[in-house]
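**Student:** Take a look at the following structure, please.
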Amino acid sequence: MALENSIFPSPRTRRKRQRYVEKNGRCNVQHGNMRETYRYLTDIFTTLVDLNWRCSLFVFVMAYAVTWLFFGAIWYLIAYCRGDLDHLEDETWTPCVNNVNGFISAFLFSIETETTIGYGHRVITDQCPVGTMLLLLQAILGSMVNAFMVGCMFVKISQPNKRAETLVFSKHAVISPRDDKLCLMFRVGDLRSSHIVGANIRAKLIKSKQTQEGEFIPLDQTDISVGFETGDDRLFLVSPLVISHEIDARSPFWDMSHTQLEKEDFEIVVILEGMVEATGMTCQARSSYLAEEVLWGHRFSPMMSLAEGFFDVDYGAFHHTFEVDTPSCSARELSLAAARLDAHLYWSISSRLDEEPTLANQAAKQPDSGSANSKTGEPTFIVGEMTDIQEQSVLGELNGSVATDQSESEA
């Protein structure tokens, strides 16, 4: 038995697929062999914002430290070149900057100038035009450094990707009938009381394919309709919603049955976008479902109940599903079976309607038999004007009555 299992693996045994998008929304893609790295410097602001927090804090500290040290060295160089350091005890000497007696004091004056602290102990004099120009330059560059670095930190802190942490997706997607049609469904919810404004949902099927010309596309992306034509993709996300994709002739799952689902290798990427009500920034949350995370014949458990004065949402049942009766055939086969059944009913009803005039004529040609029946006390059937429903209801009785009259006349 073990040998048979090793030779003939179960249908659910498959190579684990590498996710294109992780469950937490992180895209599992790394860029390599990029030679045009200078392009990152053309948009230095976005580059700094995209850095992780450790690198961002390092750049933030180094930006201020380097400018302070650079201008501190220049102030020390001016004092050294003018001879201010040689006349520290000479009260008649007017230095460029008072009380600058070394590199440390020049560095402190640079910090006081750039941060506009202004303690008043070290001040520039009017006898140093070079120092005046340097003071203006440091003030301007210091303001630019402050604006740039504080702007980077503010944008990084207020990034809306953290808002996506409270937008949740169900662990599994399900396939079950809804309104007599197979549908692929998953559930989304918002844990915060502040809402996502203008929320909309999209879905993509990630699957490798080969074109008719032989070209192999490893990660082909196909749209999965979740109501774009009808506007159902625009959500009012104040409570958890079940997003439904109707498996019709335009769906990539049109020919997929339960057995084929167990052998498929694909990934469904779902994307929820909207504007954060509190900040006005656009937020995007992502998740994905592999083929083994799609449950055939399941439905999501209800999680909303009516309490006293409000609707109560139980997020403990957010990921719960239960089994329902679901055909194991594909949506195409189910549609063909329904079409054959409709055609059979149509032709059977049409044939019965065609027989009604013939039976009515046969009944009209039996006046003697009808009078004989009236003499014997048997019920008499009179063919007159009747509605369609009445004609169908008495059709069986009419057929039986005509056959009985014919047998009596032959006797």
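The values are calculated or read from the model by the stated rules, or taken from the named source; none is laboratory data. The structure displayed is predicted, hence computed values, not measured ones. For neighbour counting, all protein chains shown are included, and Cβ atoms are generated from backbone atoms with ideal geometry for every residue, glycine included. To get the accessible areas, we keep the full protein, side chains included, count just its heavy atoms, and leave off ligands, DNA and RNA. Shrake-Rupley method; radii C 1.70, N 1.55, O 1.52, S 1.80 Å.
**Student:** Put L57, L261 in order of accessible area, largest first, 1.4 Å probe: what do you get?
**Tutor:** Numbers: L57 90, L261 5 Å².
Sorted by accessible area, descending: L57, L261.
**Student:** Could you please state how large a percent of the accessible area of segment 34-120 is carbon and sulfur, counting protein chains only and using a 1.4 Å probe?
**Tutor:** Working: 3780 of 5910 Å².
The C+S portion of the solvent-accessible surface of segment 34-120 is 64 percent.
**Student:** What's the extension gain from N33 to D233 if we count 0.36 nm per residue and subtract their Cα-Cα distance?
**Tutor:** Difference between extended and current length: 68.1 nm.
**Student:** What order do D248, D342 take when sorted by accessible area (1.4 Å probe), most exposed first?
**Tutor:** Values: D248 40, D342 95 Å².
Accessible-area ranking of D248, D342, largest first: D342, D248.
**Student:** Here's something else I'd like to know. Measure off 7 Å from each Cα along the Cα-to-Cβ vector at T42 and F322, then give the distance between these two points in nanometres to one decimal.
**Tutor:** For T42 paired with F322, the spin-label model returns 5.9 nm.
**Student:** Counting heavy atoms of the protein chains only and a 1.4 Å probe, report the per residue accessible area for segment 163-332 as a whole number of Å². Spell out each step's value before the answer.
**Tutor:** Values: 9020 Å² over 170 residues.
For segment 163-332, the solvent-accessible area averages 53 Å² per residue.
**Student:** Taking the Cβ of D90 as the center, what net charge do the other residues with Cβ under 15 Å away carry, scoring Lys and Arg +1 and Asp and Glu -1? Please report the intermediate quantities before stating the final value.
**Tutor:** Details: positive: R82; negative: D84, D86, E89, E91.
Here the count lands on -3.
**Student:** If each residue of separation counts as 0.36 nm, what is the full-extension length gain between A249 and W93 once their alpha-carbon separation is subtracted?
**Tutor:** Values: separation 156, 0.36 × 156 = 56.16 nm, distance 9.36 nm.
Stretched fully, the A249-W93 segment lengthens by 46.8 nm.
**Student:** For the pair S193 and M281, what calculated FRET efficiency results from E = 1/(1 + (r/R0)^6), where r is the Cβ-Cβ distance and R0 = 25 Å, to the nearest 0.05? It would help to have the intermediate numbers written out before the result.
**Tutor:** Numbers: r = 18 Å, r/R0 = 0.72.
Once the sixth-power term is evaluated, E becomes 0.90.
**Student:** Okay, next question. Need the C-alpha centroid separation for segment 38-62 versus segment 214-263, integer Å.
**Tutor:** One Cα centre to the other: 38 Å.
**Student:** Can you check what the net charge comes to around G274, using other residues whose Cβ is under 14 Å from the Cβ of G274 (Lys, Arg +1; Asp, Glu -1)?
**Tutor:** On the way: positive: R163, R192, R202, R234, R286; negative: D190, D233, E273, E277.
Overall, the nearby charge balance is +1.
**Student:** Please list, ordered by chain and number, the residues whose modelled amide H lies under 5 Å from the amide H of D233; skip anything fewer than 5 residues away on the same chain.
**Tutor:** Excluding prolines and chain starts, which carry no amide H, the hits are F228.
**Student:** Taking the Cβ-Cβ separation of D86 and V150 as r and a Förster radius of 45 Å, what is the calculated FRET efficiency to the nearest 0.05? Mind dumping the intermediate values first?
**Tutor:** Values: r = 41 Å, r/R0 = 0.90.
After rounding, the FRET efficiency stands at 0.65.
**Student:** Taking the inverse of the average 1/r across all pairs of different Cα atoms in segment 37-158, what Kirkwood radius in Å do you get?
**Tutor:** Values: mean 1/r = 0.0624 Å⁻¹.
After inverting the mean inverse Cα-Cα distance, the result is 16.0 Å.
**Student:** Also, I was wondering about something else. What are the ³J(HN,Hα) values, in whole Hz, obtained from phi via the Karplus relation 6.51 cos²θ - 1.76 cosθ + 1.60 with θ = phi - 60°, for each residue of segment 98-106 in sequence order, with x given for Gly and Pro?
**Tutor:** 5, 6, 9, 10, x, 5, 5, 5, 5
**Student:** Can you give the net charge of the other residues whose Cβ lies under 15 Å from the Cβ of V226, counting K and R as +1 and D and E as -1?
**Tutor:** Values: positive: R178, K181, R187, R202, K204, R234, R250, R286; negative: D223, E229, D232, D233, E246, D248, E273.
Net charge around V226: +1.
**Student:** Which value in Å does the Kirkwood hydrodynamic radius of segment 102-241 take, with 1/r averaged over all unlike C-alpha pairs and then inverted? Intermediate values should be presented prior to the final figure.
**Tutor:** Numbers: mean 1/r = 0.0456 Å⁻¹.
About 21.9 Å for segment 102-241.
**Student:** Let me ask something additional. Name the GluC sites (Glu not before Pro) in segment 187-284 that are in a loop by DSSP and that have at most 16 other C-beta atoms within 10 Å, would you?
**Tutor:** Values: sites: E213, E215, E229, E246, E262, E264, E267, E273, E277; in loops: E213, E215, E229, E262, E264, E277.
Filter output for segment 187-284: E213, E215, E229, E262, E264, E277.
**Student:** For R17, R178, R340, write out the residues from largest to smallest accessible area, computed with a 1.4 angstrom probe and no ligands counted. Don't jump to the answer; show the numbers that get you there.
**Tutor:** Working: R17 30, R178 100, R340 155 Å².
In descending accessible area the options line up as R340, R178, R17.
**Student:** May I ask you to evaluate 6.51 cos²θ - 1.76 cosθ + 1.60, the Karplus curve with θ = phi - 60°, for each residue of segment 234-251 and list the ³J(HN,Hα) values in order in whole Hz, giving x for glycine and proline?
**Tutor:** Karplus-based 3J(HN,Hα) across segment 234-251 equals 8, 10, 10, 8, 9, 8, x, 10, 9, 8, 10, 10, 6, 7, 10, 5, 8, 7 Hz.
**Student:** Using θ = phi - 60° and the Karplus relation 6.51 cos²θ - 1.76 cosθ + 1.60, list the HN-Hα couplings for segment 73-85 in order, rounded to whole Hz, with x at every Gly or Pro.
**Tutor:** 5, 5, 5, 5, 5, 5, 5, 6, 6, 7, x, 5, 6
**Student:** Could you work out the per residue convex hull volume over the alpha carbons of segment 163-332, in cubic angstrom? Mind dumping the intermediate values first?
**Tutor:** Numbers: hull volume 24.0 nm³, N = 170.
In segment 163-332, the Cα hull volume divided by residue count equals 141 Å³.
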